[in-house]
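The values are calculated or read from the model by the stated rules, or taken from the named source; none is laboratory data. Quantities reported herein were computed from a predicted structural model and do not represent experimental measurements. Don't worry about glycine lacking a Cβ; one is built from the backbone with ideal geometry, like all the others, and counts go over all protein chains shown.
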Amino acid sequence: MNFLEETINRIKKSNCSTDGTFFQAVEEVLESIQPVLDANPIYARHSIVKRLTTPDREFKFKVVWMDDNQNIQVNTGYRVQFNNALGPYKGGLRFHPSVNNGILKFLGFEQIFKNSLTGLPIGGGKGGSDFDPKGKSDFEIMKFCSAFMTELHKYIGPRIDVPAGDIGVGAREIGYLFGEYKKITSSYEGILTGKPFMFGGSLMRPEATGYGCVYFTDEMLKFAGLADFKDRVCTVSGAGNVALHTIEKLYALGAKPVSCTDSKGTIYDPRGVDLELLKDLKLNKRVSLEEYCTINSDAIYTKVEDYPEGGHAVWNIPCDCAFPSATQNELTLIDAQNLVKNACVSVSEGANMPSTPEAIHLMQKNGILFAPAKAANAGGVAVSEFEMSQNASMSKWTYEKVDKMLEETMRAICKRVHLTAEEYGMDGNYVHGANIAGFKKVADAMIAEGI
Ligand code: NDP
Ligand code: 2IT
């Protein structure tokens, strides 16, 4: 048995059988870093892989709250503090019924390397709850957030662990969480990022992940000697924070984004997505995408259940550049086959691990430029770190300053990933480049900090 198989078997034994996404994330990183481990026995001597694949700490707690009908509800809350070799634990909170320990371990593990790639002093963590915000009143959201923070506040702090948003957690939830922390501790500190601007949030944090993903892709196209975004047809999945701002920046650079999706279906609008309508439906009204077609009858809506099993309608729309920006494993082998068939040029992961390993392999084999999540969507956490800096110094930076820093950060990450892949003889393989560059920095810090 080789080292990779041995490590995966060990991890499978010491974790739950439901931790599939965590094993998937670990396997991908281990495959990439094999040449680094072979060339540098110091990493084995310091048991870096074993230490890096074991979270420092995992919290699981009960969240009890009362709904609008005065029924008492019980959910489970989690925080995984994975690795703080480079800085305080940093990573989002996800509120979604699918959340379990395995999903948060996968997200926390990925976050270590992503945060390392930003070059900023932040470690990796993730948290959340199986609470479903859909259909809840503002008051119920507030009550759940308060109850969640009653427990979470014990584990976080500006130099300890700084959560932010993720699926189901935006500025509204962060506001309620912040308010409760302040009430419990009487302390006004930067313990969360993604806060509304009026109480310490950074300008550009809402836009950062989507804009950052587009900046990264622009740089990747340049490295490949390809034309920029002007007139390129782009497909985007998701209709949340990341997707909306990806679409916004694509328009700003002259591209034509033609799709968006939610958990119920796909919108294909060949003339280009109506962003104002989309924002109104998703940010204000919080309704299903199906409503888009009642207002804009030229768009085509495909329900999830009306598309053949195993694939997703959005990846069968002809495009130059694709941006999976909804959730994990939403781009499968069948989807990759369709993207190849339709001569897609690039795929950039706005979501975390949206492509399956088989899909990535096929896309790369067929020459599609592939930007992995931990590099392409690092703009969100980078601007979160800028928010931490602003909070620590009690200052507020301008929109232009943050946007410039975001763009520079994303272009620098792209360059570093590109050069690392080149250094290891894997030109253009951004998966290996990102994993190796992210790993080396954390591993070297762990060695320098001792056991
Ligand atoms: P939002 O909650 O704002 O939006 C999520 C979108 O994805 C919604 O349109 C939602 O549809 C859809 N979606 C969620 N789960 C599923 C599912 N199981 N199947 C199909 N569609 C689904 O989340 P974000 O935009 O913030 O996050 C999207 C992705 O980006 C996630 O992978 C997240 O981890 C990642 N990410 C987010 C960052 C951020 O700054 N927010 C930073 C880096 C990565 P519906 O409303 O119907 O559920
Ligand atoms: O996956 C991610 O990088 C996020 N959800 C953002 C994390 C953060 O701390 O801003």
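Return the only residue of Thr409, Thr327, Thr332 being modelled with pLDDT of 95 or more, of a type in the set (Ser, Thr, Tyr) and more than 16 Å from ligand 2 (Cβ to nearest atom).
On inspection, the qualifying residue turns out to be Thr332.
Being closer than 20 Å to Thr193 by Cβ and of a type in the set (S, T, N, Q) is the filter here; which residues of the range 138-160 pass it?
Matches in the range 138-160: Ser146 only.
Hey, among the residues in the range 379-420 that are surrounded by fewer than 14 Cβ atoms within 10 Å (Cβ to Cβ) and small (Gly, Ala, Ser), which one's nearest to the chain's Cα centre (by Cα)?
Ala392
Quickly run through the range 111-157 and pick out the residues that are within 15 Å of ligand 2 (Cβ to nearest atom) and polar (S, T, N, Q).
Selection gives Gln111, Asn115, Ser116, Thr118, Ser129.
Please indicate, with yes or no, whether at least one residue in the range 246-254 is under 30 Å from Ser137 (Cβ atoms) and away from ligand 1 (no atom under 16 Å from the Cβ).
no
List the number of the failed condition for Glu219; all other conditions in (1) under 26 Å from Asn329 (Cβ atoms); (2) touching a helix residue (DSSP H, G or I) at 6+ places or on another chain (Cβ under 6 Å) hold.
Answer for Glu219: the failing condition is (1).
Just checking, does the range 165-187 include any residue being surrounded by fewer than 20 Cβ atoms within 10 Å (Cβ to Cβ), assigned to a loop (DSSP other than H, G, I, E, B) and free of Cβ contacts under 8 Å to residues at least 60 places away in the same chain?
Checking the range 165-187: at least one residue is surrounded by fewer than 20 Cβ atoms within 10 Å (Cβ to Cβ), assigned to a loop (DSSP other than H, G, I, E, B) and free of Cβ contacts under 8 Å to residues at least 60 places away in the same chain.
Here are some residues: Gly108, Gly123. Which one is in contact (Cβ under 8 Å) with a residue 12 or more places away in the chain, more than 14 Å from ligand 1 (Cβ to nearest atom) and buried (at least 18 other Cβ atoms within 10 Å of the Cβ)?
Checking each option against the conditions leaves just Gly123.
Residue by residue, here is whether (1) under 19 Å from the mean Cα position of the chain (by Cα); (2) of a type in the set (Ser, Thr, Tyr); (3) modelled with pLDDT of 95 or more holds:
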| residue | (1), (2), (3) |
| --- | --- |
| Gly179 | no, no, yes |
| Ser187 | no, yes, yes |
| Pro206 | yes, no, yes |
| Ala243 | yes, no, yes |
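Counting only residues that are of a type in the set (S, T, N, Q), in a helix (DSSP H, G or I) and loosely packed, with under 14 Cβ neighbours inside 10 Å, how many does the range 1-55 have?
So the count comes out to 2.
Does the range 421-438 hold any residues that are within 29 Å of His245 (Cα to Cα) and either in contact (Cβ under 8 Å) with a residue 24 or more places away in the chain or surrounded by 24 or more Cβ atoms within 10 Å (Cβ to Cβ) (or both), and which are they?
Gly428, Asn429, Tyr430, Val431, His432, Gly433, Ala434, Asn435, Ile436, Ala437, Gly438
For Lys90, state whether it is outside any helix (DSSP H, G or I) and either within 16 Å of ligand 2 (Cβ to nearest atom) or over 19 Å from the mean Cα position of the chain (by Cα) (or both).
So Lys90 fits the description; yes.
Being in contact with a Leu (Cβ under 7 Å, 6 or more places away or on another chain), away from ligand 2 (no atom under 16 Å from the Cβ) and either closer than 20 Å to Cys414 by Cα or at pLDDT 95 or above (or both) narrows it down to one residue among Val345, Val314; which is it?
Val345
Among the residues of the range 261-278 satisfying the criterion of being under 20 Å from Lys136 (Cα atoms) and surrounded by fewer than 16 Cβ atoms within 10 Å (Cβ to Cβ), which is farthest from the chain's Cα centre (by Cα)?
Checking each candidate, the answer is Lys264.
For Thr217, are the conditions met, namely being under 20 Å from Ala412 (Cβ atoms) and either more than 14 Å from ligand 2 (Cβ to nearest atom) or free of Cβ contacts under 8 Å to residues at least 24 places away in the same chain (or both)?
Here the answer is yes, as Thr217 does meet what is asked.
When you scan the range 158-195, how many residues do you find that are acidic (Asp, Glu) and more than 13 Å from ligand 2 (Cβ to nearest atom)?
Final tally of qualifying residues: 2.
Please report, ordered by residue number, the strands (runs of 3 or more DSSP E) entirely within the range 224-281 with at least 3 residues that are under 25 Å from His418 (Cα atoms) and not charged (D, E, K, R).
The qualifying strands (runs of 3 or more DSSP E) are 233-236.
Out of the residues in the range 178-209 that are of a type in the set (A, V, I, L, M) and farther than 18 Å from Gly240 by Cβ, state the one that is farthest from ligand 1 (Cβ to nearest atom).
Restricting to residues being of a type in the set (A, V, I, L, M) and farther than 18 Å from Gly240 by Cβ, the top hit is Ile184.
Among the listed residues Leu93, Leu117, identify the single one that is touching a residue at least 40 places away in the same chain (Cβ under 8 Å), within 17 Å of Arg172 (Cα to Cα) and buried (at least 24 other Cβ atoms within 10 Å of the Cβ).
Residue meeting the stated conditions: Leu93.
Looking at (1) touching a residue at least 12 places away in the same chain (Cβ under 8 Å); (2) charged (D, E, K, R); (3) more than 16 Å from ligand 2 (Cβ to nearest atom), which is the one condition that is false for Lys365?
(1)
Within the range 130-140, work out how many residues are surrounded by fewer than 18 Cβ atoms within 10 Å (Cβ to Cβ) and under 11 Å from Met66 (Cα atoms).
1
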